[in-house]
Each structure stands twice: as C-alpha cells, then as structure tokens.
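**Q** Input: one structure, supplied below.
The values are calculated or read from the model by the stated rules, or taken from the named source; none is laboratory data. Quantities reported herein were computed from a predicted structural model and do not represent experimental measurements. For neighbour counting, all protein chains shown are included, and Cβ atoms are generated from backbone atoms with ideal geometry for every residue, glycine included. Note: areas computed on protein heavy atoms with side chains; ligands, DNA, RNA excluded. Shrake-Rupley method; radii C 1.70, N 1.55, O 1.52, S 1.80 Å.
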Amino acid sequence: MSRVLSWGRYPPIPQEAHAIAWRDAARAAWSDAAREHGTTLAFGNGRSYGDSCLAASGHVVQTLPLDRLIAADWQTGVLRAEPGVTLEQILDVAIPRGWMLPVTPGTKYATLGGAIANDVHGKNHHVRGTFGRHVRRFALARSDGSQFECSPDEQAEFFAATIGGLGLTGLILWAEIQLMPIRSSLIDMTSIRFGDLDEFFALSEKLDPLHEYSVAWVDCQSRGSALGRGIFMAGDHATDGPLEVTRRKKRTVPFTLPIPVFNRFTLRAFNELYYQKQQRGEVVAQVGYDAYFYPLDSLLEWNRIYGRAGFQQYQCVVPSATARDATRAILDAIAGSGTGSFLAVLKRCGDLRSPGLLSFPMEGTSLALDFPQRDALNTRLFANLDAIVREAGGRIYPAKDAHMPGADFRAAYPQWQQLEALRDPALLSRFWERTTRT
Ligand SMILES: Cc1cc2nc3c(=O)[nH]c(=O)nc-3n(C[C@H](O)[C@H](O)[C@H](O)COP(=O)(O)OP(=O)(O)OC[C@H]3O[C@@H](n4cnc5c(N)ncnc54)[C@H](O)[C@@H]3O)c2cc1C
C-alpha cells in the first residue's frame, strides 16, 4: 500500500492507496476497501488538483496498474483500454499509426478513467467539445456486484452520469474511445502578442473558427491599460511531416521546497520577461505535439516548487454574455492581490454540448491559474473571485477545486441531485462530502 496526495498537495490529506492490478479482481478489491473503511474512491494518477480525487474515508483504490490496451482498430481509430492507461500510453501507440486523442488536457499523465470522470477539455473545446463526446462505451462495476456496459443507447442514465461524474457512479473497468485522424505529429503554431483583454477577445473571435487549437497565456500581474495582456497561441496539425512519438528530455524537481519560490517580485519579473520574450507581434513556428500540448510535463513533479504548503488552482468559466466584464474584474482582483502564478491560461470555450451530466465547460471564457497555498490570502481572494463568478452566472471546475462553497456548487451544477441519486453508496469523495453536505 502506498500514500498519495492530489496534484496541488492541498488539502494535505494523504490517502492510503489500495492498488488494483486485474479487472477480474477489481470488484472484490474495492468492495473490500469500502467494507473496511465505509466508503472509498477510484484514484487514477492524481492529476486533479484539489479534493475531488480524495476519498472521504482516506482510502482510495488506485487504478494505475490497470494499464492494458484491450483492442484497437487502426482503420477506424476505435480504441478500447483499461482505465489506468495514461494518455501518454495511448499517444505512444496511436500517433505512429496516424491517430491522435480527439481531446487532451494539458498533461499526458492523466488516465483514461480520470479523463472520463472529469470530462476533461483541451485547447480545441471550441471544435470538439469535451472528452466525453468521444467516449463510445465503457463498463461500470457497482458495489452491489452488478457490472454493465454503458453507452448513449444502453444504460444511458449511467453513461451520462459517469461522464464528468467525479468517480461516484461506480468503477470504470474499461472504456472505448474514438480517436482523431492526423497526418503529422507536428503542430503549426502561430503566437500573437496582445496588449489587453479587448485584443484577446478580438483575436479569439477572429481566429478560433480558423484553427483546431487556441489558448492564451495572460500576464496576471499587469494592470491599468495593460490589464489582460498576453500571448495568443493558435495551432493546427501539420498536413505533412512525420508521425513520431516525441521523447523530450525530462527533469525532476528532486524534493519539496520548504517555501514557494513565488512572491510579488519574482512573479512580476517572470511575467514581464515572458511577455517581452516574444519580440515580434506574430511568430509562426512548427513544434512537436509534446511541447505544444504538455509543456509542464517535461518537469516531473513540478508541483513541489510550491513548497510544503502546496497550492490551489482556481479555474472558472463565465458565460459569453458576461465574459468580458467578469474576466476583467477577476484579473483586476488577482493583480491587486499580488499573488498568482507564472501561468494564467485564458481560453474561449465553444457551444458543443457534453453528454455528461456535470460537465464543467460552458460557452464562454475559462481562466485558470495557480496560487501558492497561503490560508488567509487565498480565502480572501477566492471569496472575491467566487462572488464575481457567481454574479456572472459562471462556475468553478471541480477537478481543480479545494475551496468552492457548497451553495455555489449546488447552484452552478443543479444536476448534482441526479448524480447523487445514481451515486454508488460505497463511493464518496472529500469534494462531494464538502459541497453537497454543507
Ligand atoms: C499540468 C496539468 C494540466 C491539466 N490540464 C487540464 C486541462 O487542460 N483540461 C482539463 O480538463 N483538465 C486538466 N487537468 C486536470 C486533469 O486532466 C484531470 O484532473 C484528470 O481527471 C486527472 O486524471 P487522473 O487520471 O490523474 O485522475 P485522478 O485525479 O486520480 O482522479 C480524477 C477522478 O477520476 C476518477 N476516476 C479515476 N479512475 C476511475 C475509474 N477507473 N472509474 C471511475 N472513476 C475513476 C476519480 O475517482 C476522480 O474523481 C490538468 C492537470 C494537470 C496536472
């Protein structure tokens, strides 16, 4: 048995991980954990930041050893795999054969089970929606001993509730997804510097319809007329070139720093440097898919740089109608607080509906950034940000959350009661306990 934390290492509540290595043994293993500890929860690779991947009981069943590819049809791009397979494992076999994940988050170390349970989204949300849209079927095991297949036509209620269902409906034993054809593993990327938030919205409106991928880095320390300045990055799969798995050199943060390396001064200096690094207004380049989608993955265990206290990510989405004013107010509040991270990510989400009951994205604008854990500062700032998001009709991403007030969660995700009705009584996360019972 090992001990695991969520990616933000906050809340600092280590979980006893009971590993499952075989599908046949899965049900017995997790029923045992539930019987001994009341309730449990599946744990993929712990790339969720807050407490949605932590069991209320402190005992999780880790699905990472369930890492087998079961079947693949390279004519049609349909792949069936166990839930502990990572996105990296899928890319390793799919890319040389001309297939790509249709949706990928900013880390390839998430598992298939985790990608479904959080219905993850990526830089092409405006074109392909969430991961759940590309899931064809999966098998679900429940603590009453039942096991069944779910698809849009079979056990449709469980299909919808499990996509974005935060691991609460049962244990996914395998899943089948539809991959996306590509002609090259290279990405044609255009980076454009923008001077303020209005420019971001103008660029996004103009370029999103023309590109598969789009995302922006925003300087969360700039204020006044430069509020919301940043770099917009549009990308497309090259139409010609190799189909190669990239192996970038990896470094590891060797230990957890006693205190975070960030303060008001280092943050401002880094952001200024990054913004000025792009000398020209527009830069066109061809980059490998790994560098484009997973820049942070090259530094293993980078979460340690936030120090022993850990960190929280704040990710919200606000609807299009209120997006400009709300995003401006949020950035203003963050810049005024003097905290925040090097990396603030701004992205317009599209209007494609997810099949999932509790999916996070909505048509509008999403902002995500990290904050070193400082209890008083974060509590004050997050309360301000929450009020702006609430007023704007937006919501916070459970996969990143460790603070959202229960009332905000229940108001922003009114279908939570439908999920609660289908929740397996043996599965309970700290997140669910915190947001639905307080
Ligand atoms: C650097 C970085 C970048 C990221 N970028 C994005 C992004 O761009 N977009 C985005 O949407 N997310 C992003 N994320 C978040 C991450 O993609 C999600 O939190 C993802 O769900 C993590 O997968 P995991 O396998 O680590 O699952 P975990 O974090 O371990 O668990 C997540 C959920 O999956 C459930 N689960 C896992 N396996 C199973 C199973 N077999 N059956 C049932 N439930 C299961 C768990 O119970 C839990 O509720 C990012 C995270 C990092 C660290």
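**Q** Got a number for residues in segment 179-219 being within 30 Å of LEU331 (Cβ to Cβ) and part of a loop (DSSP other than H, G, I, E, B)? Reasoning before the result, please.
**A** Start the filter on segment 179-219 by keeping residues that are within 30 Å of LEU331 (Cβ to Cβ), which leaves 187-219.
Narrowing the set further to residues that are part of a loop (DSSP other than H, G, I, E, B) leaves 195-196, 211-212, 219.
Here the count works out to 5.
**Q** Turning to a different aspect of this structure: If you go through segment 288-311 one residue at a time, do you hit one that is modelled with pLDDT of 80 or more, more than 16 Å from the ligand (Cβ to nearest atom), more than 30 Å from LEU381 (Cα to Cα) and outside any loop (DSSP other than H, G, I, E, B)? Talk me through it step by step, then tell me what you get.
**A** As a first pass, look at segment 288-311 and keep what is modelled with pLDDT of 80 or more: 288-311.
Remaining after also requiring more than 16 Å from the ligand (Cβ to nearest atom): 288, 307-309.
Cutting the leftovers down to more than 30 Å from LEU381 (Cα to Cα) gives us 288.
Right, trim to outside any loop (DSSP other than H, G, I, E, B) and you get 288.
Within segment 288-311 (the criterion being modelled with pLDDT of 80 or more, more than 16 Å from the ligand (Cβ to nearest atom), more than 30 Å from LEU381 (Cα to Cα) and outside any loop (DSSP other than H, G, I, E, B)), the answer is yes, since at least one residue qualifies.
**Q** Out of all the residues in segment 402-418, is one or more of a type outside the set (Phe, Trp, Tyr), in contact (Cβ under 8 Å) with a residue 40 or more places away in the chain, within 12 Å of the ligand (Cβ to nearest atom) and touching a strand residue (DSSP E or B) at 6+ places or on another chain (Cβ under 7 Å)? Please lay out each step first, then the result.
**A** Narrowing segment 402-418 to residues of a type outside the set (Phe, Trp, Tyr): 402-408, 410-412, 414-415, 417-418.
Retained after the next criterion (residues that are in contact (Cβ under 8 Å) with a residue 40 or more places away in the chain): 402-403, 415, 418.
If we keep only those that are within 12 Å of the ligand (Cβ to nearest atom) too, we end up with none.
No, segment 402-418 has no match at all.
**Q** Any residue at all in segment 22-36 that is over 21 Å from PHE431 (Cα atoms), open to solvent by less than 40 Å² (accessible area, probe 1.4 Å), touching a His at 6+ places or on another chain (Cβ under 7 Å) and not charged (D, E, K, R)?
**A** yes
**Q** Across segment 331-381, what is the total count of residues that are acidic (Asp, Glu), touching a residue at least 24 places away in the same chain (Cβ under 8 Å) and surrounded by fewer than 21 Cβ atoms within 10 Å (Cβ to Cβ)?
**A** 2
**Q** Only strands (runs of 3 or more DSSP E) wholly contained in segment 129-178 count here; list those with 1 or more residues that are within 23 Å of ASP32 (Cα to Cα) and open to solvent by 40 Å² or more (accessible area, probe 1.4 Å).
**A** Numbers: elements: 135-141, 147-150, 171-178.
In segment 129-178, 147-150 are the strands (runs of 3 or more DSSP E) which contain 1 or more residues that are within 23 Å of ASP32 (Cα to Cα) and open to solvent by 40 Å² or more (accessible area, probe 1.4 Å).
Condition check ((1) closer than 28 Å to ALA33 by Cα; (2) open to solvent by 30 Å² or more (accessible area, probe 1.4 Å)) across all residues:
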position: PRO65; (1), (2): yes, yes
position: GLN75; (1), (2): no, yes
position: GLU82; (1), (2): yes, no
position: PRO96; (1), (2): no, yes
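**Q** Select the strands (runs of 3 or more DSSP E) contained entirely in segment 53-106, then report the ones holding at least 1 residues which are within 26 Å of TYR213 (Cβ to Cβ) and within 14 Å of the ligand (Cβ to nearest atom). Can you show your working first?
**A** Numbers: elements: 59-62, 69-73, 78-81.
Answer list for segment 53-106: 78-81.
**Q** When the residues of segment 331-356 are filtered to those that are assigned to a loop (DSSP other than H, G, I, E, B) and over 18 Å from VAL103 (Cβ atoms), which remaining residue is farthest from the ligand (Cβ to nearest atom)?
**A** Within segment 331-356, the subset assigned to a loop (DSSP other than H, G, I, E, B) is 338-343, 350-356.
Filter again for over 18 Å from VAL103 (Cβ atoms), leaving 338-343.
Working: GLY338: 24, THR339: 19, GLY340: 16, SER341: 12, PHE342: 13, LEU343: 9 Å.
Result: GLY338.
**Q** Counting only residues that are of a type in the set (A, V, I, L, M, F, W, C) and either touching a helix residue (DSSP H, G or I) at 6+ places or on another chain (Cβ under 6 Å) or at pLDDT below 95 (or both), which one in segment 313-330 is most open to solvent (accessible area, probe 1.4 Å)?
**A** Here is the first cut: in segment 313-330, the residues of a type in the set (A, V, I, L, M, F, W, C) are 316-318, 321, 323, 326, 329-330.
Then drop every residue that is not either touching a helix residue (DSSP H, G or I) at 6+ places or on another chain (Cβ under 6 Å) or at pLDDT below 95 (or both), which leaves 316, 318, 326, 329-330.
Numbers: CYS316: 2, VAL318: 2, ALA326: 7, ALA329: 40, ILE330: 3 Å².
Per the stated criteria, the residue is ALA329.
**Q** Shifting gears a bit: Please enumerate the residues belonging to segment 73-86 that are in contact with a helix residue (DSSP H, G or I) (Cβ under 7 Å, 6 or more places away or on another chain) and not aromatic (Phe, Trp, Tyr). Steps first, please.
**A** Just the residues of segment 73-86 that are in contact with a helix residue (DSSP H, G or I) (Cβ under 7 Å, 6 or more places away or on another chain), to begin with: 74, 79, 81-85.
LEU79, ALA81, GLU82, PRO83, GLY84, VAL85 - these are the residues of segment 73-86 that are in contact with a helix residue (DSSP H, G or I) (Cβ under 7 Å, 6 or more places away or on another chain) and not aromatic (Phe, Trp, Tyr).
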